[in-house]
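*Asks:* My questions all concern the structure below.
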Amino acid sequence: MAELTTLARPYAKAVFAEAEEKKSLDAWSDDLALLSAYASDAAMAKVLVHPSLTAAQQAQALIDVCGEKLNDAAKNLVHVLAENKRLTLLTEITALYEELKAQLQNAVDVVVTSAYALTETQSNKLAQALKAKLQRDVRMTSEVDESLIGGAIIRAGDLVIDGSLTGKLSKLAEAMKS
């Protein structure tokens with residue numbers, strides 16, 4: 001994972017610089033999300049690494065499935081990635097691009113994984129608390145993972161807060177081993 005991030009970072013930064021210069025941050029978000037979605041499809045993933053296809057053929061296959069939705073700069077990115085055998089990095093490039101965009105907009109994407117679905121009131125209170133703690137706008141999504149038994153795990157960038165019952169039981173078990 002860290003290696004993929006290292007490989008993807010220069011591409012994400014270059015795309016971000018282009019998007020910022022052309023004031024097209026949201027358009028690039030859309031293009032990257034589309035490319036990432038198609039590139040992560042199992043059938044397309046095989047095409048993107050197929051040894052009998054040229055880089056140009058791999059790039060064109062991805063561009064063709066996206067249809068007319070991609071702008072010329074995004075198509076150029078696909079060709080550059082194909083020439084460098086980096087098409088498989090599209091998901092990572094998209095994630096890094098979105099992190100850069102969030103930093104510029106003083107926002108943070110937060111994923112809350114809880115044992116039970118959060119109510120709207122709980123989500124709002126948690127978002128406000130995180131906004132105060134992180135001093136950034138919070139874009140929150142939530143997931144349910146019943147294996148947590150109770151509580152929640154909050155992920156905001158590199159910050160992970162494990163308040164799950166499963167996490168607390170694991171810590172207790174480790175403490176008892178010592």
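The values are calculated or read from the model by the stated rules, or taken from the named source; none is laboratory data. Note that the structure is a prediction, hence the values are computed from the model and not measured. Neighbour counts are summed over all protein chains in view; Cβ atoms, including those assigned to glycine, are modelled from backbone coordinates with ideal geometry. Only protein heavy atoms, including side chains, enter the accessible area calculation; ligands, DNA and RNA are left aside. Shrake-Rupley method; radii C 1.70, N 1.55, O 1.52, S 1.80 Å.
*Asks:* Does any residue in the range 116-137 that is under 19 Å from residue 148 (Cβ atoms) come within less than 9 Å, Cβ to Cβ, of a residue that is open to solvent by 90 Å² or more (accessible area, probe 1.4 Å) six or more places away or on a different chain, and which pairs are these?
*Replies:* Once the first residue is under 19 Å from residue 148 (Cβ atoms) and sits in the range 116-137, its partners that are open to solvent by 90 Å² or more (accessible area, probe 1.4 Å) give 116/146.
*Asks:* Continuing with the same structure: Scan the range 130-178 for residues that are under 11 Å from residue 111 (Cα atoms), surrounded by 15 or more Cβ atoms within 10 Å (Cβ to Cβ) and polar (S, T, N, Q) and report the count.
*Replies:* Matching residues across the range 130-178 total 1.
*Asks:* Does residue 100 satisfy the criteria of being out of contact with any strand residue (DSSP E or B) (no Cβ under 6 Å at 6 or more places or on another chain), under 14 Å from residue 36 (Cα atoms) and of a type outside the set (Ser, Thr, Tyr)? Steps first, please.
*Replies:* Numbers: out of contact with any strand residue (DSSP E or B) (no Cβ under 6 Å at 6 or more places or on another chain): yes; under 14 Å from residue 36 (Cα atoms): no; of a type outside the set (Ser, Thr, Tyr): yes.
It is false that residue 100 is out of contact with any strand residue (DSSP E or B) (no Cβ under 6 Å at 6 or more places or on another chain), under 14 Å from residue 36 (Cα atoms) and of a type outside the set (Ser, Thr, Tyr).
*Asks:* Confirm whether residue 78 is within 30 Å of residue 38 (Cα to Cα), touching a strand residue (DSSP E or B) at 6+ places or on another chain (Cβ under 8 Å) and either among the aliphatic types (A, V, I, L, M) or modelled with pLDDT under 90 (or both). Break it down stepwise before answering.
*Replies:* Details: within 30 Å of residue 38 (Cα to Cα): yes; touching a strand residue (DSSP E or B) at 6+ places or on another chain (Cβ under 8 Å): no; either among the aliphatic types (A, V, I, L, M) or modelled with pLDDT under 90 (or both): yes.
Taking the combined requirement at face value, the residue does not satisfy it.
*Asks:* Next up: When the range 124-152 is examined, which residues are found to be assigned to a strand (DSSP E or B) and touching a Lys or Arg at 6+ places or on another chain (Cβ under 9 Å)?
*Replies:* The initial filter retains those residues of the range 124-152 that are assigned to a strand (DSSP E or B), namely 137-144, 152.
Those that are assigned to a strand (DSSP E or B) and touching a Lys or Arg at 6+ places or on another chain (Cβ under 9 Å): 137, 138.
*Asks:* If residue 33 meets every condition in (1) at pLDDT 95 or above; (2) more than 17 Å from residue 80 (Cβ to Cβ); (3) touching a Leu at 6+ places or on another chain (Cβ under 7 Å) apart from one, which number is that one?
*Replies:* Result: residue 33 passes all but (3).
*Asks:* Okay, moving on. So residue 91 ticks every box in (1) more than 14 Å from the chain's Cα centre (by Cα); (2) under 19 Å from residue 13 (Cβ atoms); (3) open to solvent by 50 Å² or more (accessible area, probe 1.4 Å) but one. Which box is left unticked?
*Replies:* In the conditions (1) more than 14 Å from the chain's Cα centre (by Cα); (2) under 19 Å from residue 13 (Cβ atoms); (3) open to solvent by 50 Å² or more (accessible area, probe 1.4 Å), residue 91 misses (1) alone.
*Asks:* Looking at the range 61-78, which of its residues are assigned to a helix (DSSP H, G or I), open to solvent by 30 Å² or more (accessible area, probe 1.4 Å) and in contact (Cβ under 8 Å) with a residue 24 or more places away in the chain?
*Replies:* Selection gives 65, 69, 73.
*Asks:* What is the number of the single condition among (1) farther than 16 Å from residue 11 by Cβ; (2) surrounded by 15 or more Cβ atoms within 10 Å (Cβ to Cβ); (3) charged (D, E, K, R) that residue 86 does not meet?
*Replies:* Going through the list (1) farther than 16 Å from residue 11 by Cβ; (2) surrounded by 15 or more Cβ atoms within 10 Å (Cβ to Cβ); (3) charged (D, E, K, R), residue 86 breaks only (1).
*Asks:* Related question: Just a yes or no: is a residue in the range 39-56 surrounded by 12 or more Cβ atoms within 10 Å (Cβ to Cβ), in a helix (DSSP H, G or I) and among the hydroxyl-bearing types (Ser, Thr, Tyr)?
*Replies:* No, the range 39-56 contains no residue that is surrounded by 12 or more Cβ atoms within 10 Å (Cβ to Cβ), in a helix (DSSP H, G or I) and among the hydroxyl-bearing types (Ser, Thr, Tyr).
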